[in-house]
Amino acid sequence: MSFFISDAWAQAPAGAPPGGGIEGLILPIGLIIILYFFMIRPQMKRQKEHRKLVESLSKGDEVQTTGGLMGKIVDLGDNFVKIEVADGVVVTVRRAAVEAVMPKGSLKEL
């Protein structure tokens, strides 16, 4: 059928800016704003809270690491923490690997 009918192509009206103007930017800008509020901002909050937790560690705290180890802090360094996971068993982990500070006495329940 296309032998007899030529293709029709749409043309922009005279004087119209190419690409749709500012209306074409509304959707991408809206998506960036939504991405910021639903993904970037909450992640930054979690990082700030974790940084405060790592800075506030002290000797004798009962902690849980990201690997699942639970123990009591026996020594603190600038980058590393020594955790006693059992009687006489001391493990060295990075400070950033500490995920949570547990309430006092939670190790006795285990």
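Condition first: free of Cβ contacts under 8 Å to residues at least 24 places away in the same chain and under 21 Å from K108 (Cβ atoms). Now tell me which residues in the stretch 50-74 satisfy that.
S58, K59, G60, G68, I73, V74
Is the stretch 67-77 home to any residue that is outside any strand (DSSP E or B) and either of a type in the set (A, V, I, L, M, F, W, C) or at pLDDT 95 or above (or both)?
Checked the stretch 67-77: at least one residue is outside any strand (DSSP E or B) and either of a type in the set (A, V, I, L, M, F, W, C) or at pLDDT 95 or above (or both).
If you check V54, V93, which single one turns out to be in contact with a Phe, Trp or Tyr (Cβ under 9 Å, 6 or more places away or on another chain), surrounded by 11 or more Cβ atoms within 10 Å (Cβ to Cβ) and either within 30 Å of A10 (Cα to Cα) or among the β-branched types (V, I, T) (or both)?
V93
Looking at the stretch 84-105, which of the residues that are in a strand (DSSP E or B) and more than 24 Å from R46 (Cα to Cα) is nearest to the chain's Cα centre (by Cα)? Spell out the reasoning first.
Restricting attention to the stretch 84-105, the residues satisfying the condition of being in a strand (DSSP E or B) are 84-86, 89-94, 98-102.
Remaining after also requiring more than 24 Å from R46 (Cα to Cα): 84-86, 89-92.
Details: E84: 29, V85: 28, A86: 32, V89: 32, V90: 30, V91: 27, T92: 25 Å.
Among those that are in a strand (DSSP E or B) and more than 24 Å from R46 (Cα to Cα), it is T92.
Just to verify a result, which residue in the stretch 10-28, among those that are modelled with pLDDT of 75 or more and exposed (fewer than 10 other Cβ atoms within 10 Å of the Cβ), is nearest to V81 (Cα to Cα)?
Here the residue is P28.
The values are calculated or read from the model by the stated rules, or taken from the named source; none is laboratory data. Worth saying up front: this structure is predicted, and the values here are computed from it rather than measured. We place every Cβ from the backbone using ideal geometry, glycine too, and count neighbours over all the protein chains shown.
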